[in-house]
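Peer 1: What follows is a single structure, and I will ask about it in a moment.
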Protein chains: 2
Amino acid sequence: MPSMRPDASRIYRQYLSAVLLHSHASARACDLGATDLYALNILQLTGAMTPGELSARTGLTTGPTTRLIDRLEHAGYVRRVPDPGDRRKVTVEPVSEPADLDRVMAPARQRIGDILGGYTPEQLEVLFDYFTRATEAYRESAEQLRSE
Amino acid sequence: MPSMRPDASRIYRQYLSAVLLHSHASARACDLGATDLYALNILQLTGAMTPGELSARTGLTTGPTTRLIDRLEHAGYVRRVPDPGDRRKVTVEPVSEPADLDRVMAPARQRIGDILGGYTPEQLEVLFDYFTRATEAYRESAEQLRSE
DNA sequence: CCTAATCTCTTCTTCGAAGAAGAGAAATCT
DNA sequence: AGATTTCTCTTCTTCGAAGAAGAGATTAGG
């Protein structure tokens with residue numbers, strides 16, 4: 001990060017730490033393992049996919065992936081839908097309203113909502129522009145790490 | 001999140017997912033366990049603390065915490081410093097430059113740096129104002145989850 | 001001073017999740 | 001139609017990390 005501010009890097013690092021801290025605390029509060037949350041994020045970000053594809057993305061072999069999906073399905077975060085075109089296949093799709101996770105995330109969502117509510121439309125434009133770009137940047141970087 | 005945009009919530013959610021995705025991929029690339037990264041984040045965010053305090057913050061008992069610190073120290077992310085005032089105590093402090101993690105995070109940092117470099121000073125003001133406030137919001141929310 | 005409290009670390013056991021290998025079902029290709 | 005490939009799922013084993021209990025060392029209090 002260039003010299004926009006002397007402490008820009010530090011602020012950003014602490015920001016990331018706080019996000020991760022909260023995410024981990026949320027997972028813990030839901031009795032959700034780290035890999036489970038990771039997979040759930042993949043599904044929410046990328047959309048429905050087959051177990052095989054999820055295996056590839058998580059880096060797990062198919063065995064653990066089956067049981068990972070079992071856990072997520074049992075907890076009500078995803079569901080298995082048979083593929084109409086290919087009856088060997090199953091599609092794993094994220095469920096719209098994951099009850100527990102939503103409840104746990106509510107306080108943070110409230111706080112962030114309050115913060116965002118204090119900005120002008122022009123400022124929000126900037127923020128959401130950043131969110132959109134950063135999403136792509138992190139997704140690409142993660143992809144890059146995965147393929148190394 | 002109120003009706004600032006119809007897809008605001010979705011954009012923000014995907015943004016968070018991407019951040020977490022990348023973080024998990026980074027941890028994986030460093031052979032760093034989820035709890036290890038979690039603890040490291042606590043230390044980087046809050047600063048040096050005793051193993052007992054780290055135990056409380058991670059929610060672990062003291063046994064696993066000792067070995068968690070062992071792993072982090074061995075990997076070169078933290079170090080133990082004896083407390084001069086109380087010789088029973090040890091202070092665990094994060095090391096300034098964690099080699100592996102830095103290397104793994106470099107591509108993302110580059111991309112984010114490029115994105116931020118494209119904004120005007122006024123826009124950066126808005127972004128860093130958000131980062132600062134959001135850090136506090138997530139930290140408080142995580143604290144709240146921990147104490148439930 | 002001597003007891004109680006505090007702090008870290010060690011040991012043992014337990015548990016969850018990952019890997020490996022293969023079975024079973026269905027699609028594809030010759 | 002038969003053989004091969006492609007999926008998912010099952011079983012068994014292995015491994016890392018968490019919990020419980022207690023030892024050892026140091027400080028604080030009566």
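Peer 1: Scan (1) away from DNA strand C (no atom under 15 Å from the Cβ); (2) more than 18 Å from B:GLU143 (Cβ to Cβ) for the single condition B:ARG79 breaks and write down its number.
Peer 2: (1)
Peer 1: I've got another one for you. Sort out which residues of segment B:46-86 are under 17 Å from the mean Cα position of the chain (by Cα) and small (Gly, Ala, Ser), and write them in order of number.
Peer 2: Within segment B:46-86, B:GLY47, B:ALA48, B:SER55, B:ALA56, B:GLY59, B:ALA75, B:GLY76 qualify.
Peer 1: Further question: Only one residue in B:THR46, B:THR65, B:THR58, B:THR50 is more than 28 Å from A:ASP36 (Cα to Cα) and surrounded by 15 or more Cβ atoms within 10 Å (Cβ to Cβ), so which one is that?
Peer 2: Result of the check over B:THR46, B:THR65, B:THR58, B:THR50: B:THR50.
Peer 1: For the list (1) surrounded by 14 or more Cβ atoms within 10 Å (Cβ to Cβ); (2) more than 15 Å from A:LEU37 (Cβ to Cβ); (3) not hydroxyl-bearing (Ser, Thr, Tyr), I need the number of the one condition that A:LEU101 fails.
Peer 2: Among (1) surrounded by 14 or more Cβ atoms within 10 Å (Cβ to Cβ); (2) more than 15 Å from A:LEU37 (Cβ to Cβ); (3) not hydroxyl-bearing (Ser, Thr, Tyr), the lone unmet condition for A:LEU101 is (2).
Peer 1: If a residue has to be open to solvent by less than 80 Å² (accessible area, probe 1.4 Å) and under 17 Å from A:THR46 (Cβ atoms) to count, how many in segment A:84-95 make the cut?
Peer 2: Going through segment A:84-95 one residue at a time, the tally reaches 6.
Peer 1: Take segment B:129-139 and flag every residue that is facing chain A (nearest Cβ under 7 Å) and over 26 Å from A:GLU136 (Cβ atoms).
Peer 2: B:ARG139
Peer 1: What is the residue count in segment B:77-97 for residues that are out of contact with any helix residue (DSSP H, G or I) (no Cβ under 8 Å at 6 or more places or on another chain) and of a type in the set (A, V, I, L, M)?
Peer 2: Of the residues in segment B:77-97, 2 are out of contact with any helix residue (DSSP H, G or I) (no Cβ under 8 Å at 6 or more places or on another chain) and of a type in the set (A, V, I, L, M).
Peer 1: Further question on the same structure: In segment A:39-76, which residues are touching a residue at least 40 places away in the same chain (Cβ under 8 Å), in contact with a helix residue (DSSP H, G or I) (Cβ under 8 Å, 6 or more places away or on another chain) and among the polar types (S, T, N, Q)?
Peer 2: Within segment A:39-76, just A:GLN44 meets the criteria.
Peer 1: Further question: Within the set of pairs 6+ apart or on separate chains, which have a first residue in segment A:112-128 that is facing chain B (nearest Cβ under 7 Å), a second that is in a loop (DSSP other than H, G, I, E, B), and C-beta atoms under 6 Å apart?
Peer 2: Hits for this filter: A:GLY113/B:MET1; A:LEU124/B:MET4.
The values are calculated or read from the model by the stated rules, or taken from the named source; none is laboratory data. Bear in mind the structure is a predicted one, so any value in this text is a computation, not a measurement. Glycine also receives a Cβ, built like all others from the backbone with ideal geometry; neighbour counts cover every protein chain displayed. Side chains are part of the model used for accessible areas, which takes the heavy atoms of the whole protein and leaves out ligands, DNA and RNA. Shrake-Rupley method; radii C 1.70, N 1.55, O 1.52, S 1.80 Å.
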